[in-house]
Amino acid sequence: MSAPLLEVRGLRVGFPRAGGLRHVVAGIDYALSPGRTLGVVGESGCGKSMTALALMGLVPPPGRAEGSIRFDGRELIGQSAAEWRALRGNRIAMVFQEPMTALNPVMPVGAQIAEVQVLHKHLGWKEAGENAVAMLEAVGINSPRERARAYPHQLSGGMRQRAMIAMALACEPALLVADEPTTALDVTIQAQILDLMLELQDRIGMAIQFISHNLAVVSEIAHEIIVMYAGRIVERAPADALFANPRHPYTQGLIATLPDPEQRVARLPVIPGGVPDLDAGARGCRFADRCALADAGCRAAEPPAEEIAPGHFAACFKAAA
Amino acid sequence: MTRYILRRILQALLVLLVMSFVIYSLIGLMPGDPLDIMLASNPGATPEVVEHLRKLYGLDQPLMLRYLRWLQDALVGQFGYSRTHSLPVLSVLVPALIQTCKLMIISFIASVILAFILGILAALKPGGILDGVISLFAFAGISVPVFWLALMMILVFAVKLHWFPASGIATVGDGGFRDQALHLVMPVITLALASTGGFTRYVRASMIEVLRMDHVRTARAKGAAEWRVVLVHAFRNALIPVVTIMALSFGVLFNGALLTETMFAQPGMGKMIYDAILGNDFNLALTGLLFATVVTLLSNLVADLAYGWLDPRIALT
């Protein structure tokens, strides 16, 4: 395996509250190699989007990221605003969830794509505009020259997300962070966007960190998957291993909730309870309150991530058993 | 687009027609008529003379008929004579209109620019010290009455510091550009400050809202510098609601202009209309009020056009 492009160590994202910081990401470790795809799965509020924003240096104030993010041999945490700007959109790019609102409504789509190259490659607007038309064509938009002049509201949801991807890839980044890029789209368009991302990954050779609450979508695209719960990684494994042999009760629960098209059931299974208040769970396993296997030991100490099979980590006392 | 503008102009003409009738009737309802005032200065007039004059001026006719006669003349540009100035209405009104437009347009531009600067600065860090200072200033601007502000300006800058002349539009015997400009400074500042407070609050609110939007985050994710994010991406979006409000309130400036002109003894529309109403100068008051209506209607049209021009999602048809 090649040297990792991205290495995250002890990353924490905290927001100030009375009496200290509230950590929505509470110390996570992972790595990502060039050309590989990492899926990040978890329910709303588990910290997966905050992790993505931390990679971009865009944690909304007053929040702050601590720990270590090594990207391409450089430490990102603590670098200056100018260093972040040089990286963003250039070496690390991001695709957001809502193509409806993530594009500027009063700027033609082509100009929004061209802007990235104007900022980073110092091209003139005319040349960058030509490149933007080529990018729109590359992401499978018909009559790209007319579309480049269109405003976001004149495009369909799928086309807007394609335009977002064109914008993210305008400088051929080494890492693409995709935060729920298909969630707001209908299912046929979802599949097209996923295909497009895989195709462009082959062409450009970038690494993708793909964030979704939808395990089924992630399984189609990721080589490796991390499952997050309440700001922690509870399980990390190669995609096949995770599905074949989920070890953490939360992962097992997630997989059990996936509808099986072969089988009609009256009710889909659910994981009882909700994500705990991040302040409350200072001691013990954060999933203990919703876990059928939890015992006194689980509530006393937080389980460390153990490698239970090669490349397969789970943070659960019961996983090894 | 051309069709839209034509249709709007037709609508405006219709509104103008209705307004002319309303204003004419209101003035007709005022107690007393021009003859009463003429007679007050000439107590020796006999009832026969009064009757003769009443017939001569058409004041014995019913209101509706008088209005129709007036409309007939007005449509061909005959607005009659000003009783108090003994001049054709237009030759009294046009210089006043120019004076007022000068004052209004300069004040408007000044307050818009100031509001943009202050509003954006305040929105950068809502709740910060700068925001607090600017919001206090804006609130003071909204609360302070124009006449008081004018008095204070005169007291400080004219009486104590002698920086600017206290009133009038030019010094007798001078009247050069510099002299006229100096006379405009205090009225312009007074009128501008009266609307800057409100404008600043609109700009601030709109910018805060836009800066929270997803596409602003996208702009940051592209690696755009903060000034570019604020001034190019956010500002253009924040302009849409703000410009509409600003253009609509251009007409409201007329009210402020009335007070400002009175305080600084500027011979503008506001003071002209005020004097005309007090002096029962029907023709002048009526025409003045109609021109004020035209200014308001025009600013409404400009507001809508600006809205369609700024927001590509709006198609004016």
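Key figures for this structure:
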item: Listing of helices (runs of 4 or more DSSP H) fully contained in segment B:214-317 that carry 1 or more residues being away from chain A (no Cβ under 14 Å); result: B:235-250, B:253-263, B:269-278, B:282-310
item: Where B:Val172 falls short, out of the listed (1) in a helix (DSSP H, G or I); (2) more than 22 Å from the chain's Cα centre (by Cα); (3) β-branched (Val, Ile, Thr); (4) more than 9 Å from chain A (Cβ to nearest Cβ); result: (1)
item: Enumeration of residues in segment B:135-179 that are in contact (Cβ under 8 Å) with a residue 60 or more places away in the chain and among the hydroxyl-bearing types (Ser, Thr, Tyr); result: B:Ser135, B:Ser167
item: Any pair with Cβ under 9 angstrom, 6 or more apart, that starts in segment B:243-254 at a residue that is outside the structural domain of B:Val302 (by TED's automatic domain parsing) and ends at one that is crowded, with 18+ Cβ neighbours inside 10 Å and assigned to a helix (DSSP H, G or I); result: none
item: Residue within segment B:60-68 that is assigned to a helix (DSSP H, G or I), touching a Leu at 6+ places or on another chain (Cβ under 9 Å) and modelled with pLDDT of 80 or more present; result: yes
item: Residues located in segment B:278-317, provided they are over 22 Å from B:Ser249 (Cα atoms) and in contact (Cβ under 8 Å) with a residue 24 or more places away in the chain; result: B:Gly279, B:Asn280, B:Asp281, B:Phe282, B:Asn283, B:Leu284, B:Ala285, B:Leu286, B:Thr317
item: Unmet criterion (only one of (1) surrounded by 20 or more Cβ atoms within 10 Å (Cβ to Cβ); (2) in contact with a Lys or Arg (Cβ under 9 Å, 6 or more places away or on another chain); (3) not basic (Lys, Arg)) for B:Ala265; result: (1)
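Yes or no, residue by residue, for (1) outside the structural domain of B:Ile106 (by TED's automatic domain parsing); (2) outside any loop (DSSP other than H, G, I, E, B); (3) of a type outside the set (Ser, Thr, Tyr); (4) surrounded by fewer than 19 Cβ atoms within 10 Å (Cβ to Cβ):
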residue: B:Ile154; (1), (2), (3), (4): no, yes, yes, no
residue: B:His162; (1), (2), (3), (4): no, no, yes, yes
residue: B:Gln180; (1), (2), (3), (4): no, yes, yes, yes
residue: B:Gly197; (1), (2), (3), (4): no, yes, yes, no
residue: B:Arg201; (1), (2), (3), (4): no, yes, yes, no
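To keep it simple, each residue is scored yes or no on (1) farther than 30 Å from A:Pro152 by Cβ; (2) within 14 Å of chain B (Cβ to nearest Cβ); (3) not charged (D, E, K, R).
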site: A:Ile69; (1), (2), (3): yes, no, yes
site: A:Arg74; (1), (2), (3): yes, no, no
site: A:Gly78; (1), (2), (3): yes, no, yes
site: A:Leu103; (1), (2), (3): no, yes, yes
site: A:His120; (1), (2), (3): no, yes, yes
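The values are calculated or read from the model by the stated rules, or taken from the named source; none is laboratory data. Everything quoted here is computed from the prediction, not taken from an experiment. Note that we place each Cβ from the backbone using ideal geometry, even for glycine, and neighbour counts take in every protein chain shown.
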